[in-house]
Amino acid sequence: MNAKRTRWMIGDAKEPFIVITSLAFAFIVLIALVIFLTTAILEREQLRMQSEAERAFNSVFLALQDSTTKALKTMQDENISGIGVYSSMGRKVLSLGNVPMTIPLDRFSTSLDALTKSNPNTGIATYNRETGMIEYIRFSRLTILLDTGELTLTESGLLPTPIDFPDVLYLHFDGQRYHHRLVVILVIGIISTFTLISLFLLVLSIYRNNRRYREALAKQESLVNLGQAARTLTHEIKNPLSAITIQLALLKKTLPKQYTSDLVLIEQEVNRLTQLTNKVSDFLRNPLGTPVAVDLTELFTALIKCFDKPIRFISTQRVQIVIDGDRARSIFENLLKNAVESSTERDPEVEVRITTDKKNFVHVFVMDRGEGIRLGDAKKIFDPFFTTKIHGSGIGLSISRQFVKARGGNIRLYAREGGGTVAEVILPQSIHPVKLVEEEEK
């Protein structure tokens, strides 16, 4: 049974790692798929632009072989703004429509060289972000009949007809639709990526909250079961203890004095069991009690006298809180006892400090230089009956927390800088209960 429970606990401990890793892997795959699809669609649009530019080029220059009028009509049908013939230096020689005087061939040279080697009859189409135009350029050795009356002349005068030129052919047309399609694709890709990331974070948050709720529910169920068992046990134990106490009193009167030491040992153990049952009863009953104004300076002055080790008390002002007096004594007596017993080999250097904040909360710090809290015990330190002491019951901190939370406060234990432990109790000064957010449970 223990081996089975151990295997379950190990599996439960590994669950967050397995679930989070699986979720992360799944969402990384989905994000990679979105990026791949976005890239593929962008490449498709690039090929589509190239195909449209090739078709427009062929249509215009074929029409130009017939007449300039037909070429202009084709340009209008194809939505082409202008075509031109440029020298190998990028200087305009001939043109129809609106084209620049020079073109930066170095911007196209690398792509054109690669295309010329692979397919000499293919050009390259690019989108110019500055002008919003799609530019198409290619090298050509075509002989085209040109009507010089409709073409721009060079500085040397009229050009002969026909012209045989090993030059650069260029055209451009409106690229707003292409640019709009690119923007839409990129926006959809980015939105999809961020949606997946947000969805991953949402699922992760839901899982963590669900796990936290499950742990809290399991803890509450265990506390309910523990409470029922504790009620039964305290009731069943108190009756025999009462009988033992009565019999001890009779034995003290009747037995010879040489047996007194044995009776004292029995009496001590009976008293310890009685105190334990009383503490369990305190844990199970109403933790709020009857709140009254309690002077913390007076309370700690009285408590410090109960311990045989020196305790330093620091408070710049007299502070009062509204809490049940017995419960306040139980809370701080337990914390002082833990601090004093935190080290057996040296002076724990126990120190108590009281401060207030702007939100009308009192902070009581019980500090020591003891052994500190072990890393593995940090989450279990407030569990009922969990203790690291040989003679401890493990119920004191649970009761203290129960009393503090009933008054709308909180209690935290954490490592002290330089070694030791700090027990911080946060309580409202007002009589109205105020719910304090428990930061360590977030």
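The values are calculated or read from the model by the stated rules, or taken from the named source; none is laboratory data. No experiment lies behind these values; they were computed from the predicted model shown. When we count neighbours, we look across all protein chains shown, and the Cβ atoms used for this are built from the backbone with ideal geometry, even at glycine. When the accessible area is computed, the model is the full protein with side chains, heavy atoms only, and any ligands, DNA or RNA have been set aside. Shrake-Rupley method; radii C 1.70, N 1.55, O 1.52, S 1.80 Å.
Does the stretch 325-333 include one or more residues that are open to solvent by 30 Å² or more (accessible area, probe 1.4 Å) and not in a helix (DSSP H, G or I)? Within the stretch 325-333, none of the residues are open to solvent by 30 Å² or more (accessible area, probe 1.4 Å) and not in a helix (DSSP H, G or I).
Filter the stretch 65-75 down to residues that are open to solvent by 70 Å² or more (accessible area, probe 1.4 Å) and either touching a Ser or Thr at 6+ places or on another chain (Cβ under 8 Å) or among the basic types (Lys, Arg) (or both) and give me whichever is nearest to ALA125 (Cα to Cα). Across the stretch 65-75, the extreme among qualifying residues is LYS73.
Looking at PHE382, PHE386, which is the one that is of a type outside the set (Asp, Glu), touching a Lys or Arg at 6+ places or on another chain (Cβ under 6 Å), at pLDDT below 80 and within 15 Å of GLU424 (Cβ to Cβ)? Spell out the reasoning first.
Numbers: PHE386 fails: within 15 Å of GLU424 (Cβ to Cβ).
On inspection, the qualifying residue turns out to be PHE382.
Pairing each residue of the stretch 50-64 that is more than 11 Å from TYR136 (Cα to Cα) and open to solvent by 40 Å² or more (accessible area, probe 1.4 Å) with any residue that is of a type outside the set (S, T, N, Q) and in a helix (DSSP H, G or I), provided the two are 6+ apart or on different chains, yields no C-beta distance under 7 Å.
I'd like to check something: does the stretch 341-356 contain any residue that is basic (Lys, Arg), under 17 Å from PHE307 (Cα atoms), part of a loop (DSSP other than H, G, I, E, B) and at pLDDT below 85? There is at least one residue in the stretch 341-356 that is basic (Lys, Arg), under 17 Å from PHE307 (Cα atoms), part of a loop (DSSP other than H, G, I, E, B) and at pLDDT below 85.
Just so you know, in the stretch 363-374 the residues that are within 31 Å of the chain's Cα centre (by Cα) and part of a strand (DSSP E or B) include one that is nearest to LEU303 (Cα to Cα), and it is PHE365. Restricting attention to the stretch 394-428, the residues that are modelled with pLDDT of 80 or more and either of a type in the set (Gly, Ala, Ser) or out of contact with any Leu (no Cβ under 9 Å at 6 or more places or on another chain) (or both) add up to 15.
Condition check: under 30 Å from PHE200 (Cα atoms) and either modelled with pLDDT of 90 or more or buried (at least 17 other Cβ atoms within 10 Å of the Cβ) (or both). Does LEU37 satisfy that? Spell out how you get there, then give the answer.
Values: under 30 Å from PHE200 (Cα atoms): yes; either modelled with pLDDT of 90 or more or buried (at least 17 other Cβ atoms within 10 Å of the Cβ) (or both): yes.
Yes, satisfied.
Determine whether ALA26 is under 30 Å from VAL203 (Cα atoms), open to solvent by less than 50 Å² (accessible area, probe 1.4 Å) and either part of a helix (DSSP H, G or I) or modelled with pLDDT of 85 or more (or both). Against the criterion (under 30 Å from VAL203 (Cα atoms), open to solvent by less than 50 Å² (accessible area, probe 1.4 Å) and either part of a helix (DSSP H, G or I) or modelled with pLDDT of 85 or more (or both)), ALA26 qualifies.
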